[in-house]
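One structure is given here, and the rest of the page talks about it.
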Amino acid sequence: NRQAQRWLEALDLDIDPRTPVSKLSVAQMQLVEIAKALSLRSRVLLLDEPTASLTSSETDVLFGFLKKLRDNGASILFVSHKLEEVLEICDRVTVLRDGSNASPSRSMEGLTRHDLVTMMIGRGEQASGWKQRVPSSAPVALQLKGVSTALGHVGVDLTLRQGEIVGLYGLVGAGRTELAKCIMGQSPVTQGTVEVSGKPVKIGSVAEAVHRHGIGYVSEDRKQEGLVLMHSVLDNAGIAVWRQLSGAFGLLTDGRIRQAVAPFIAKLEVKTPSLFQTVGNLSGGNQQKISVAKWLAAGVKILIVDEPSVGIDIKTKAYLHDLLRELADAGTAILVITSDMPEMIGLADRIVVMNDYKVCGELANDGVYDGMSQGIMGLIHREEQAA
């Protein structure tokens, strides 16, 4: 236990080594997995998307440790879609596109983000397209008033309007994903009020959230929660509409499911040999598209998207961002939970900041990264000092 504690502390991870992994968040699991790899003291270390669920401050701690390993002679293969991280920590880079080298291995010296994007997708990166969409007078789709939960949230207030993208930001352990699961009925609200379209509701299950109140949830952990990996594209994309499509005797046919979901698979440009392809055999980007497609097929009016760009390439990330903006423009209310601050600032109309299972502030997004990032971290630090 002492040795495990030492490696956890090296990553600033405040976890009792005896804690069952099943009780950890996805980000904490990620850090534990990294700590396990580091404990082997290998001279060659392969890290595949190690920061996928980490916040910027947690990434800084990891990078400081990796730089020490490099300086002590270790070789590190760092696989990532996050270009700022590649620019910060890597000495050399190889870009892959569609399974082949898009460029030979080359020194990072003199390379810019624009250079990397061009090598990855064959063209320069497009502007984020951020704009303020929704006036404060727009109809409210989802509202939390003084909500406390069995998971530990205290007095949470949150408003999400039709056609609006609201960002929910916080460090690991802030309670963002847990709040989403309470909204979806996976854990009870113990105090306060949840309102959908202005009416107080009590949501007791995911099925009730989806079918009665039109709320969908794209999980941060698509492999464990968002998809059934051994089942087909058709089954996964259609799972949220099975109830609507069942006949008088509760019977379903592939034809009925295909008719309901095929347009959305095509709209999201999912790359699959067929609708009967096993989802586990697809890329992370295509899996994420299917996670979204099932809610489009269900016609939800409120969509909660948790870590939308984890483990996907920059082209698919840009596509999903455009899709979320398009859905918002069509009236869908969207709550985005992400640890990627540039993504948050590029997408959200407003940003709600959480710390220690409480809302510690809210910012109107002006799209200026430096000012917004300082404002967000300022709210978190102020809350920590007050505690």
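The values are calculated or read from the model by the stated rules, or taken from the named source; none is laboratory data. As the structure is a prediction and not an experimental result, all values here were calculated from the model. For neighbour counting, all protein chains shown are included, and Cβ atoms are generated from backbone atoms with ideal geometry for every residue, glycine included.
Quick notes on this structure:
- Among the candidates Ser339, Ser274, Ser373, the residue that is crowded, with 21+ Cβ neighbours inside 10 Å, of a type in the set (Gly, Ala, Ser) and assigned by TED's automatic domain parsing to the domain that holds Val210 is uniquely Ser339.
- Qualifying position, being under 20 Å from Ile314 (Cβ atoms), under 19 Å from the mean Cα position of the chain (by Cα) and not hydroxyl-bearing (Ser, Thr, Tyr), among Val26, Val86, Val79: Val79
- Consider region 352-368 and keep the residues that are charged (D, E, K, R) and assigned to a loop (DSSP other than H, G, I, E, B). The one that is surrounded by the fewest Cβ atoms within 10 Å (Cβ to Cβ) is Asp366.
- Of the residues making up region 143-178, those that are part of a loop (DSSP other than H, G, I, E, B), touching a Lys or Arg at 6+ places or on another chain (Cβ under 9 Å) and surrounded by fewer than 21 Cβ atoms within 10 Å (Cβ to Cβ) number 5.
- If the condition is being surrounded by fewer than 16 Cβ atoms within 10 Å (Cβ to Cβ) and under 17 Å from Ser53 (Cα atoms), then region 1-28 contributes Asp12, Asp14, Val21, Ser22, Lys23.
- Residue that is in contact with a strand residue (DSSP E or B) (Cβ under 6 Å, 6 or more places away or on another chain) and either under 23 Å from Ser339 (Cα atoms) or of a type in the set (Gly, Ala, Ser) (or both), where the choices are Gly167, Gly152, Gly173, Gly163: Gly167
- Taken over region 251-282, the criterion of being assigned to a loop (DSSP other than H, G, I, E, B) and either over 28 Å from Ser80 (Cβ atoms) or touching an Asp or Glu at 6+ places or on another chain (Cβ under 8 Å) (or both) is satisfied by Leu251, Leu252, Thr253, Ser274, Leu275, Phe276.
- Test: residue in region 315-336 that is surrounded by 22 or more Cβ atoms within 10 Å (Cβ to Cβ), charged (D, E, K, R) and touching a residue at least 12 places away in the same chain (Cβ under 8 Å): no
- Within region 1-95, helices (runs of 4 or more DSSP H) holding 1 or more residues that are free of Cβ contacts under 8 Å to residues at least 12 places away in the same chain: 2-10, 26-39, 56-71
- When Val79, Val93, Val32 are checked against the criterion of being hydrophobic (A, V, I, L, M, F, W, C), touching a strand residue (DSSP E or B) at 6+ places or on another chain (Cβ under 9 Å) and surrounded by 14 or more Cβ atoms within 10 Å (Cβ to Cβ), Val93 stands alone in meeting it.
- One residue alone among Gly192, Gly198 is at positive phi, small (Gly, Ala, Ser) and touching a Ser or Thr at 6+ places or on another chain (Cβ under 7 Å), and that residue is Gly192.
- Residue within region 238-251 that is out of contact with any strand residue (DSSP E or B) (no Cβ under 8 Å at 6 or more places or on another chain), at pLDDT 90 or above and in the same structural domain as Ala318 (by TED's automatic domain parsing) present: no
- The residues on offer are Val261, Val300, Val310, and the sole one that is buried (at least 22 other Cβ atoms within 10 Å of the Cβ), modelled with pLDDT of 90 or more and not polar (S, T, N, Q) is Val300.
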